[in-house]
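> Have a look at the structure that comes next, please.
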Amino acid sequence: KKHMTKENLFNFEESMEKLEEIVKSLESENQSLEKNIQLFEEGLTISKELKTHLDSAEKKIEILSKDIDGNLSLDEFKEE
């Protein structure tokens, strides 16, 4: 059972910041190849965690939308 607590949200923000730092480090070319590979792998791990987090949040939003409207289709959001 995972609830969106302030703690989870904080970790999400923290992970985003860490990922940005990794990208900046990779873009500045003062690291060795080994260090770059290490950073890249760390970045991949973080981005996978973030994706999992976002996917579960998206599912919760869909479930909530369905609850509110009975059976809400995504087409209803599009402007005609």
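> Pop a pseudo-label 7 angstrom from the Cα along the beta-carbon direction at both E62 and E27 and give the gap in nm to one decimal.
The two pseudo-label positions are separated by 3.3 nm.
> Further, regarding this structure: Within the set K24/K48; K24/K60; K35/K59; K18/K66, which residue pairs have Cα atoms separated by over 25 Å?
K24/K60; K35/K59; K18/K66, as the Cα separations exceed 25 Å there.
> Could you please report the charge total around S28, scoring K, R as +1 and D, E as -1 over all other residues with beta-carbon less than 12 angstrom from its beta-carbon?
-1
Any read-out appearing in this document is the output of simple, stated calculations on the displayed coordinates, not a laboratory observation. Predicted, not measured: the structure shown is a model, and the values here were computed from it. Ideal geometry is used to build each Cβ from the backbone, glycine not excepted, and the neighbour counts take in all protein chains shown.
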